[in-house]
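None of the figures in this text is laboratory data; all of them are computed from the coordinates on show. Nothing here was measured: the structure is a model prediction, and the numbers come from that model. Here the Cβ is made from the backbone with ideal geometry for all residues, glycine too, and neighbour counts use every protein chain on show.
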Amino acid sequence: MLKNALIFLAPGFEELEALAPVDVLRRAGVNVVLAGVQADSSNLIPGAHGVKVLCDLRAEDVNPADFDLVYYPGGMPGAANLAASKECLSAARSIYEAGGYVCAICAAPIVLEAAGLLDGQEYTCYPGFESKIAGGKYTGKFIQKSGRILTACGPAAALDFALEILRATGATALASQLSGGMMRK
């Protein structure tokens, strides 16, 4: 079962796509750490709609070996800022190579493309962003699981995506319990 999850936030991230998974994973007892890319001196990252989130640490202080999952929310320019971050790309590769899970939603599969992880994988993303991704096979599904790479299409998928992450990492019963408790049909 999933124990430690890393979520990168960069200026312009989509708040719903970032915070719904934080909430669901923490309800499941997962240690979730928020890492800020381009964080200000107070470690606050502004979202695409003006919500500022306090990160636990800066991206440059992340040790990927501490995590068994990394998650990238979309939003623009948040996803582009993540894709331009060497720390984000390195963490994606390191966690995947160590047998962990790599997750991205909306525009953020461009991060997985930049990290070289989509070759031979099925993925989904916000419609139109598939044109920015040369590797992989775009499916257009709401949520796509391809081995240890999970992707989703956009903000409306955030809650279902978080629950799917739990199922994919071995917590099927807990995902069902949480889904019911949150009145998700």
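Condition first: in contact (Cβ under 8 Å) with a residue 24 or more places away in the chain and part of a helix (DSSP H, G or I). Now tell me which residues in region 163-180 satisfy that.
Kept after step one, since they are in contact (Cβ under 8 Å) with a residue 24 or more places away in the chain, are these residues of region 163-180: 163, 165-166, 168-171, 174-175, 178.
Correct list: LEU163, ILE165, LEU166, ALA168, LEU174, ALA175, LEU178.
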(message) Take LYS145 and tell me if it is assigned to a strand (DSSP E or B) and of a type in the set (D, E, K, R).
(response) yes
(message) Can you report the number of residues in region 98-132 which are over 23 Å from LEU159 (Cα atoms) and part of a helix (DSSP H, G or I)?
(response) 4
(request) Could you please tell me which pairs satisfy a Cβ distance under 6 Å, a separation of 6+ or placement on different chains, a first residue in region 108-119 that is closer than 14 Å to GLN144 by Cβ, and a second residue that is surrounded by 24 or more Cβ atoms within 10 Å (Cβ to Cβ) and among the aromatic types (Phe, Trp, Tyr)? (result) ALA108/TYR72; PRO109/TYR123
(request) Being of a type in the set (Ser, Thr, Tyr) and crowded, with 17+ Cβ neighbours inside 10 Å is the filter; apply it to region 147-185 and report the residue that is nearest to the chain's Cα centre (by Cα). (result) THR151
(request) Write out, first by first residue and then by second, each pair whose Cβ atoms fall under 6 Å of each other, whose residues are 6+ apart or on separate chains, and whose first residue, in region 130-153, is within 11 Å of CYS103 (Cα to Cα) while the second is of a type in the set (Phe, Trp, Tyr) and in a strand (DSSP E or B). (result) GLN144/TYR123; ARG148/TYR101; THR151/TYR123
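Among the listed residues LEU25, LEU69, LEU16, LEU82, which satisfies the condition of being surrounded by 17 or more Cβ atoms within 10 Å (Cβ to Cβ), of a type outside the set (Gly, Ala, Ser), within 30 Å of ALA173 (Cα to Cα) and touching a Cys at 6+ places or on another chain (Cβ under 8 Å)?
Of LEU25, LEU69, LEU16, LEU82, the one residue that is surrounded by 17 or more Cβ atoms within 10 Å (Cβ to Cβ), of a type outside the set (Gly, Ala, Ser), within 30 Å of ALA173 (Cα to Cα) and touching a Cys at 6+ places or on another chain (Cβ under 8 Å) is LEU69.
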(message) If ASP160 satisfies all but one of (1) in contact with a Lys or Arg (Cβ under 9 Å, 6 or more places away or on another chain); (2) in contact (Cβ under 8 Å) with a residue 60 or more places away in the chain, what's the number of the condition it fails?
(response) (2)
(request) Would you point out the residue of region 85-94, among those that are in contact with a helix residue (DSSP H, G or I) (Cβ under 6 Å, 6 or more places away or on another chain) and crowded, with 24+ Cβ neighbours inside 10 Å, that is nearest to GLY50 (Cα to Cα)? (result) CYS88
